[in-house]
Structures are given as structure tokens and as C-alpha cells.
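The values are calculated or read from the model by the stated rules, or taken from the named source; none is laboratory data. Keep in mind the model is a prediction, meaning the values are calculated, not measured. Every residue, glycine among them, receives a Cβ derived from its backbone with ideal geometry; neighbour counts consider all protein chains shown. For the accessible areas, the whole protein counts, side chains as well, though only heavy atoms, and no ligand, DNA or RNA atoms are used. Shrake-Rupley method; radii C 1.70, N 1.55, O 1.52, S 1.80 Å.
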Amino acid sequence: MLEIALDGSAKGVYQKEISERQRISIKYLDSIISSLKTAGLITTVRGKKSGYLLTRSPKKISILDIYKAFEPEIAIVDCMSCNFRCELSAACAAREFWSGLNESIIMYFKTYTLEDLVVKQKEKELN
């Protein structure tokens, strides 16, 4: 997502370029791209040599949006998962602690955007 956001060209970023810059295999990148397309975060540019573009501004894509392309929820411990059932949860002080931490992480993911990462990356490239 960061590679695509940094590019900014109308032709999009080619999969081979992303693979080389991020040092990941094309096969693994295929899986990542598929999940991002299914989540509606990226699209393919039409044409003979098609690249990938963001579907909306990096300012409007939260890190939580990206995370959810791969995982249905954030659950720091098993008992935070929607599918987990525990008979002791109502009387569990530890669960309250984990719930608060889990919510803090979710809020951080919501408030941090792809644009924030773009800015930080450009700062690092200047140094």
C-alpha cells in the first residue's frame, strides 16, 4: 500500500516493481494484492501493462482498513475475539484489562492513515 501511495502516477505501480523494492516474492505479493483488491483498497489500471492504484486518497485509508484486508478483527488475546466464549468473562478483571488495551490498539489503527506513513517515509528518504 505504501509503494502504491508513494508512486502517485496515473499508470499505477507494477507488481514487479513492488516485489523488487520490498524484496518479496511475486507469489507472496499475489496473495497480498488479491486481499487488497477484495477489500476495495486497490484497483488495477486498465491497459496492456497494468499497474495498481489506490481506490481513494491515502488520507482516507486508515491502517485499520489495511489490517482488515487480511484479518477480520484485532484480538490481542483469544478472549477478545468475537468467536471466543468464556463462562468467566463477566467476572474476569484480566479480561477488562485486555479489552482496554485492545480498544487502544484499534483506535490507534483507526487514527493512523496511509498518508501518515507516506509523510514519514518521505522524511526518512530525505535523511
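Quick rundown of the values:
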read-out	value
Relative contact order (%) - criterion: Cα under 8 Å, at least six apart; region: the range 10-67	38 percent
Heavy atoms of Tyr67: accessible area, 1.4 Å probe, square angstrom to 10	70 Å²
With 10 Å bins from 0: P(r) over the range 13-66, alpha-carbon pairs, percent	23, 53, 23, 0
Percent RCO, i.e. relative contact order, over the chain, from Cα pairs under 8 Å lying at least 6 residues apart	28 percent
Computed E for Glu103/Asn83 - FRET, C-beta separation, R0 22 angstrom, nearest 0.05	0.75
Positive minus negative residues near Leu36 (Lys, Arg vs Asp, Glu; Cβ under 12 Å)	-1
Accessible-area composition of the range 32-83, carbon plus sulfur, in percent [1.4 Å probe]	50 percent
Formal net charge of residues neighbouring Glu87 (Cβ-Cβ distance under 15 Å; K, R +1; D, E -1)	+1
D (Stokes-Einstein, µm²/s), Kirkwood Cα radius, the chain, 1.306 mPa s at 10 °C	95 µm²/s
Average accessible surface area per residue within the chain, 1.4 Å rolling probe, Å²	69 Å²
Whole-Hz couplings from phi, Karplus 6.51/-1.76/1.60, listed for the range 70-83; x for Gly and Pro	10, 9, x, 7, 9, 9, 4, 9, 3, 6, 8, 6, 4, 8
Translational diffusion of the range 43-106, µm² s⁻¹ [Kirkwood Rh, Cα pairs; Stokes-Einstein; 37 °C; 0.692 mPa s]	223 µm²/s
Amide proton proximity set for Ile42, modelled H, under 5 Å, gap of 5+	Lys37, Thr55
